[in-house]
Amino acid sequence: MNLKRGKLVSKTRELLPWAIGAFVVLSSNWAASAFLETFEVWANGEWGVVCYARIAYIASFLFALCLLYWQRRAFLPPRTRLLANEPAEHRKHLVLFLSNLPDHLVKSGGRPEGLMLSNDLEQDLLMIEEHKRGKPADPIARWPWEMPLRGIREHLGVLETVTLICSRESLPQAPLFLNICGQYRQLEQIKFDLLVQDQSWPALRSGSDLSALGSWEGWDFESFDQLSERFGRCSRSSGEEDTPMMQS
């Protein structure tokens, strides 16, 4: 019951600014007519005539305008899933913020230490889950790139493209992640891209051609403003306003 109430409250908060915006549009028409009629009355020399209905229309518009200004930051808020295992909607485009690996995993080709990956993504994720069971505090049992693969797995069947946004540390490791993804038969038809800084300008580069990787720069993962701006660029370039993203 609390979950349903939480969803209803969240949805109401999301729709409220749009309802206020609609009221502003409607009341602006009333206010415009009230102004026009008032000026016509004054033009006829009837200065003492007061119409309370016109005053109410103008006041309604000004009140709605104040409400809209008050709610200006509530339009299109960031959305996160409720913590109730709510299933994600399948999307054609996925954005991943790729974390960097520790040195010992880089030496093993980016693969989890002590495990041999196959060409079956589902089988490998089950094997990794089994490997971690019973030793959650063991840092060796944790593999930072498990979550990106799980995110990709969630959208299989619909997913067409994946865009990687890398930090300055993880960008040189991107080929390792792409090599791992390339060995899975379930991901053969998916196109991988990288959103990088090329000569200090944001650029979308194909993951199939990394010959110029050394001249590209990653992003500052400590700067939320920079990341949100780049994600917005990536969403517009992919044509999906609601492109889902996740960070490993």
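Within the stretch 198-222, if we keep just the residues that are part of a loop (DSSP other than H, G, I, E, B), closer than 17 Å to SER170 by Cβ and touching a helix residue (DSSP H, G or I) at 6+ places or on another chain (Cβ under 9 Å), the residue that is modelled with the lowest pLDDT turns out to be PHE221.
Given the criteria acidic (Asp, Glu), in contact with a helix residue (DSSP H, G or I) (Cβ under 6 Å, 6 or more places away or on another chain), at negative phi and at pLDDT 75 or above, does GLU122 qualify? Before you say what the answer is, go through the steps one by one.
Values: acidic (Asp, Glu): yes; in contact with a helix residue (DSSP H, G or I) (Cβ under 6 Å, 6 or more places away or on another chain): no; at negative phi: yes; at pLDDT 75 or above: yes.
No, not satisfied.
When the stretch 169-198 is examined, which residues are found to be charged (D, E, K, R) and over 18 Å from LEU105 (Cβ atoms)? Break it down stepwise before answering.
Of the residues in the stretch 169-198, the ones charged (D, E, K, R) are 169, 185, 188, 191, 193, 198.
Selection gives ARG185, GLU188, LYS191, ASP193, ASP198.
Could you tell me whether ARG111 is charged (D, E, K, R) and part of a loop (DSSP other than H, G, I, E, B)? Judged against the criteria, ARG111 is a match. Number of residues in the stretch 91-119 that are at pLDDT below 85 and charged (D, E, K, R): the value is 1.
Given the options THR80, THR38, name the one that is within 28 Å of VAL162 (Cβ to Cβ), β-branched (Val, Ile, Thr) and modelled with pLDDT under 80. Full working, then the answer.
Numbers: THR38 fails: within 28 Å of VAL162 (Cβ to Cβ).
Answer to the selection: THR80.
Run down ILE152, ILE165, ILE180 and say which single residue is surrounded by 18 or more Cβ atoms within 10 Å (Cβ to Cβ) and more than 24 Å from the chain's Cα centre (by Cα).
On the way: ILE152 fails: more than 24 Å from the chain's Cα centre (by Cα); ILE165 fails: more than 24 Å from the chain's Cα centre (by Cα).
Step by step, each of ILE152, ILE165, ILE180 is checked, and only ILE180 is surrounded by 18 or more Cβ atoms within 10 Å (Cβ to Cβ) and more than 24 Å from the chain's Cα centre (by Cα).
Look through GLU146, GLU188, GLU129 and report the one residue that is surrounded by fewer than 16 Cβ atoms within 10 Å (Cβ to Cβ) and at pLDDT 90 or above. Answer to the check: GLU188.
The values are calculated or read from the model by the stated rules, or taken from the named source; none is laboratory data. Just so it is clear, the model here is predicted, and its values are computed rather than measured. No Cβ is skipped: glycine too gets one built from the backbone with ideal geometry, and neighbour counts run over all protein chains shown.
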